[in-house]
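Presented below is the structure to which this report refers.
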Amino acid sequence: MSRRDQAVILLAQGKSVTDVSDSVGVSRQTIYTWMDDEEMQRSIQLEKTRLIRSLSALMIKVTLQALYHLDKVTEGDPEVTMARDVQVRLQADRLVIQKVRDLMEMADLEDRVSRLEERDRYDTRHR
């Protein structure tokens, strides 16, 4: 994998320019120069979208587990409701469900922004 490709991944993960330059072995100025390139910007955006979708899949799995647990609690399943840590588990379940909702909203916004940016680039090139 090229240094530039490594930089794309790290920048998409939210790493700082200093951290990225140290990790891939190039100067900060090189990172800034790369970031000015439209293709690099698109690559970072695509990587962010890929990361968000990967996280979304994992969060969906965890959410299903949380919903299953909440269902057991509301049914009065004695195995679940008698557990000592039921309140902690319920708080965790609620948090997971809230975070999944937030993540899904963020993924939707990322997708919308990407489409708008692509449309804007197309419009700019064809004027």
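The values are calculated or read from the model by the stated rules, or taken from the named source; none is laboratory data. Small disclaimer: the values here were computed from a predicted structure and weren't measured. Here the Cβ is made from the backbone with ideal geometry for all residues, glycine too, and neighbour counts use every protein chain on show.
Side notes on the structure shown:
- Residues satisfying the stated conditions in the range 23-41, i.e. free of Cβ contacts under 8 Å to residues at least 12 places away in the same chain and surrounded by 13 or more Cβ atoms within 10 Å (Cβ to Cβ): ARG28, THR30, GLN41
- Scanning the range 68-94 for residues that are within 25 Å of the chain's Cα centre (by Cα), at pLDDT below 80 and surrounded by fewer than 15 Cβ atoms within 10 Å (Cβ to Cβ) gives GLN91, ALA92, ARG94.
- Just one of the listed residues (MET59, MET40) is more than 16 Å from the chain's Cα centre (by Cα), closer than 23 Å to SER114 by Cβ and in a helix (DSSP H, G or I), namely MET40.
- Residue check, LYS72 touching a residue at least 12 places away in the same chain (Cβ under 8 Å), among the charged types (D, E, K, R) and assigned to a helix (DSSP H, G or I): no
- Filter result for ALA57 (free of Cβ contacts under 8 Å to residues at least 24 places away in the same chain, of a type in the set (Gly, Ala, Ser) and either outside the structural domain of LEU11 (by TED's automatic domain parsing) or exposed (fewer than 13 other Cβ atoms within 10 Å of the Cβ) (or both)): yes
- Any hit, the range 78-97, residues being farther than 18 Å from GLY14 by Cα and touching a residue at least 40 places away in the same chain (Cβ under 8 Å): no
- Pairs, first crowded, with 18+ Cβ neighbours inside 10 Å in the range 1-15, second of a type in the set (Gly, Ala, Ser), C-beta under 7 Å, six or more apart: VAL8/SER43; LEU10/SER23
- Residue ID - nearest to ARG121 (Cα to Cα), chosen from residues in the range 10-33 that are in contact with a Leu (Cβ under 9 Å, 6 or more places away or on another chain) and assigned to a helix (DSSP H, G or I): ALA12
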